[in-house]
1. With angles folded into 0 to 90 degrees, how steeply does helix 195-208 sit against the dominant principal axis of the chain? Use alpha carbons for both and round to 10.
2. Going by C-beta contacts inside 10 Å, put 15, 294 in order with the fewest on the left.
3. Through the Karplus equation 6.51 cos²θ - 1.76 cosθ + 1.60, θ set to phi - 60°, convert the phi angles of the stretch 26-35 into ³J(HN,Hα) values in whole Hz; use x for Gly and Pro.
4. How big is the equivalent ellipsoid of the stretch 115-326 along its three axes, where each semi-axis is √(5λ) from the Cα gyration tensor, reported in whole Å from largest to smallest?
5. Angle check, please: helix 262-277 long axis (alpha carbons) against the longest principal axis of the chain (alpha carbons), in degrees 0 to 90, nearest 10.
6. Pairing rule first: another cysteine's C-beta must sit under 4.7 Å. Under that rule, which cysteines of the chain stay single?
7. Which one of 84, 25, 52 is farthest out on the positive end of the charge dipole of the stretch 1-85, using unit charges on Cβ (Lys, Arg +1; Asp, Glu -1) and the Cα centre as origin?
8. For helix 36-58, report the angle its Cα long axis makes with the longest principal axis of the Cα atoms of the chain; keep it between 0 and 90° and round to the nearest 10°.
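Where a number appears in this text, it was derived from the coordinates with a stated rule and is not lab data. A quick note: this is a predicted structure, and the numbers were derived from the prediction, not measured. Cβ coordinates were reconstructed from backbone atoms using ideal geometry, including for glycine residues, and neighbour counts include every protein chain displayed.
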Amino acid sequence: MNENILHEILKEYQMKRDRAEKEALERKNRIYKEIPEIERIDEEIKKIGIEITQSIFKEPEKGKELLHLLKERLNNLKKKKAYLLRSNEYSEDYLDPKYECNICKDTGYVNGRRCKCFDQKLINIYYKQSTIADILKRENFSNFSFEYYSDKPYGDKPSPRNNMKEIVEFSLNFIKNFDTSSESLFFYGDSGLGKTFLANCIAKELLDRGKSVIYRTAPDLIEGLRRNKLNPDSTSYNEYLDLLKECDLLIIDDLGTESITAFSLQEFFNILNARLLLGKKFIISTNLPLSEIMAIYPERIYSRIFGHFKLLNFYGEDIRLKRKMII
Ligand SMILES: Nc1ncnc2c1ncn2[C@@H]1O[C@H](COP(=O)(O)OP(=O)(O)OP(=O)(O)O)[C@@H](O)[C@H]1O
Ligand SMILES: [Mg+2]
Ligand SMILES: [Zn+2]
């Protein structure tokens, strides 16, 4: 990893920890004034802490017994403190520092390995995804509407609205079973039917749950890989590839709009195959009908898509046009 990037990220973590700890200290000082009993308990807890260390060093024989007693006293004090907080309408963990990531407590590492939130930071830096944060403010499940989908049957198919309800149901299960299932999602259908929107809704949910998500359109993905390969600084290429392979969810939007070359097909196959072998998931969206997918991509690609992806067909009327007509 680039030294500067590492330095930046670690600095950011340090600032987050400092802030969390400073805020916790402020809460503590306030609570000490409001509930002085808690300050006395904290002092007692501190003393016991010292006694525990001393007892371990001083009397290793009797240590065990003493340690047991001290632990019991400690637990009682903690219970009393929790009770005092609760009865004053604070949560039990009110005095603990509030870290942004509870998994690594804003250190970036868990047991010497990079935390998910660290990976996500790297992803954001490498892919300059800062813009996606803005998109996700608009495109998320709380803004999702079924209004744009007609409730009239669509030829001999169920109404677009019922179809969409089923697709959303699938998507919610995809999120719910994210850690246990390895099935990916394949969104296909005409333009303006909400494929990108729904992919973003799912991305937001998973990001909020601490999963690492990469969003790329197919042309961007291929272009990024091409540029990275040409780059003599090959560590960055390898990291780019590692992240594409290892992130929890890779969204490839607008498949089929990239220019198809031997290079693009090879790279797409490599990512597809590598991730599927690792049991990692995708959301792929395309405007192309399945017959076109089969015509454009070689069998080793489409057979993997058909085998590992839930194929979800979006149909109905173009929401972009509908919106224009309403306005
Ligand atoms: N369920 C929804 N609720 C509210 N707005 C939506 C919904 N689905 C889509 N939209 C809006 O409709 C427009 C078209 O949606 P979107 O871009 O997701 O379509 P698409 O299927 O990805 O089209 P394309 O194939 O051209 O990429 C966008 O402006 C999006 O914000
Ligand atoms: Mg789209
Ligand atoms: Zn973390």
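1. That works out to roughly 10 degrees.
2. Going from sparsest to densest Cβ surroundings: 15, 294.
3. Coupling constants for the stretch 26-35: 5, 4, 4, 4, 5, 5, 4, 6, 6, 10 Hz.
4. One finds semi-axes of 28, 20, 16 Å for the stretch 115-326.
5. So the helix axis and the longest Cα principal axis differ by about 40 degrees.
6. Result for the chain is 201, 247, no neighbouring Cys Cβ within the cutoff.
7. Going by the charge dipole, the pick is 84.
8. Value to nearest ten degrees: 80.
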